[in-house]
Amino acid sequence: MSTVLTYRQNPPMQDLYRAFMTGFSDYIIPFQFDEQAFEDVFLVRDQNQPSRSIVAYDGGEPVGVVLSGIAHLDSGWQTRCGGLAVAPHVRKLGVATELMKRFEKDAKGTRLLEVIQGNDAALSLYHQLGYKTTREIYYFQSVPLETTAHTTSEPIQTLFDRLYPTAQHVPIWQCDVRVTQQETKLVKVVEDKKEGFLLYRNHVLLDVFGHEEEAEWLLRAAASQSPLHITLTSDRPEWIEAARRLEFVRDEISQFEMVKNE
């Protein structure tokens with residue numbers, strides 16, 4: 001029997017979930033989410049919007065999905081592909097390409113996505129569609145350290161009024177509080193005349209704001225609080241080198257951030 005594929009934007013929540021879990025069933029990273037956890041992480045926290053997301057169906061069965069979110073920053077509109085997955089039995093039938101074409105049609109401004117290094121099939125598809133790698137994303141686990149720096153809680157509004165407008169780096173989508181919905185804590189770090197800021201979500205260090213020459217001092221202060229997962233990007237080499245000097249453990253998994261301009 002031939003496969004008859006159809007596509008639906010803004011599908012029911014259960015179809016988004018089923019397509020996601022089936023498509024990622026053999027993924028490099030195993031996903032173990034119930035429907036509520038999927039919604040909490042990928043839709044609420046990461047701001048993929050069901051109204052923009054698309055599911056592919058084989059008959060009535062969800063077999064593919066592209067998650068999508070959109071945000072407007074000072075630099076303009078950004079539309080993110082927050083996940084693309086196709087069930088194993090319908091791969092090589094053009095489902096991923098069709099989902100991305102539909103995502104592109106509804107996108108606005110800069111398109112961006114992340115892909116795990118080593119996922120050659122996805123990389124090939126994105127390159128064919130005109131996406132270019134802009135930077136790499138690395139994940140570290142801190143080790144217990146001590147600091148003489150003084151830390152205090154800072155109003156989160158400082159992040160929007162002072163830190164984001166003057167930052168010398170661009171946060172990745174998942175760590176950017178302007179585009180995601182996540183409970184965060186901002187901490188001010190002071191020692192002598194040095195000052196910096198740490199942005200946390202539970203035991204994840206989402207971002208660090210400070211001078212490059214003080215990277216090691218700030219990361220040491222961050223690691224003194226509790227064991228942390230830390231996200232750093234290749235366009236901040238001083239911070240990556242500081243993490244290595246502090247003997248933070250780098251995860252085996254890393255990603256490419258890929259961008260396509262309008």
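Worth pointing out:
- Residues that are modelled with pLDDT of 95 or more and over 15 Å from Arg111 (Cβ atoms) within segment 62-79 comprise Pro62, Val63, Gly64, Val65, listed in sequence order.
- Members of segment 61-77 that are within 29 Å of Cys175 (Cβ to Cβ) and in a strand (DSSP E or B): Gly64, Val65, Val66, Leu67, Ser68, Gly69, Ile70, Ala71, His72, Leu73, Gly76, Trp77
- Residue check for Thr184: surrounded by 15 or more Cβ atoms within 10 Å (Cβ to Cβ) and either touching a Phe, Trp or Tyr at 6+ places or on another chain (Cβ under 8 Å) or modelled with pLDDT of 95 or more (or both): yes
- Here is the figure for segment 1-52: residues that are assigned to a helix (DSSP H, G or I), in contact with an Asp or Glu (Cβ under 9 Å, 6 or more places away or on another chain) and of a type in the set (Val, Ile, Thr) total 1.
Listed here are the residues, each with its yes/no results for (1) out of contact with any Phe, Trp or Tyr (no Cβ under 8 Å at 6 or more places or on another chain); (2) modelled with pLDDT under 95; (3) surrounded by fewer than 20 Cβ atoms within 10 Å (Cβ to Cβ).
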site: Ser2; (1), (2), (3): yes, yes, yes
site: Tyr7; (1), (2), (3): no, no, yes
site: Ala19; (1), (2), (3): yes, no, no
site: Phe24; (1), (2), (3): no, yes, yes
site: Pro30; (1), (2), (3): yes, yes, yes
site: Leu43; (1), (2), (3): yes, yes, no
site: Gly60; (1), (2), (3): yes, yes, yes
site: Leu93; (1), (2), (3): yes, yes, yes
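- Here Ile54 meets the list (1) more than 27 Å from Val4 (Cα to Cα); (2) surrounded by 14 or more Cβ atoms within 10 Å (Cβ to Cβ); (3) hydrophobic (A, V, I, L, M, F, W, C) almost entirely, failing just condition (1).
- Against the test of being within 28 Å of Lys260 (Cβ to Cβ) and surrounded by 13 or more Cβ atoms within 10 Å (Cβ to Cβ), the options Thr151, Thr231 yield a single qualifying residue, Thr231.
- Scanning segment 133-157 for residues that are among the hydroxyl-bearing types (Ser, Thr, Tyr) and closer than 17 Å to Glu114 by Cβ returns Thr133, Thr134, Tyr138, Tyr139.
- Among (1) buried (at least 17 other Cβ atoms within 10 Å of the Cβ); (2) without any contact (Cβ under 8 Å) to a residue 40 or more places away in the chain; (3) out of contact with any Phe, Trp or Tyr (no Cβ under 8 Å at 6 or more places or on another chain) - the single one Gln157 does not satisfy: (1)
The values are calculated or read from the model by the stated rules, or taken from the named source; none is laboratory data. Treat the numbers as computed from the prediction; the structure is a model and nothing was measured. With ideal geometry, Cβ positions are generated from the backbone for all residues, glycine too; neighbour counts draw on all protein chains shown.
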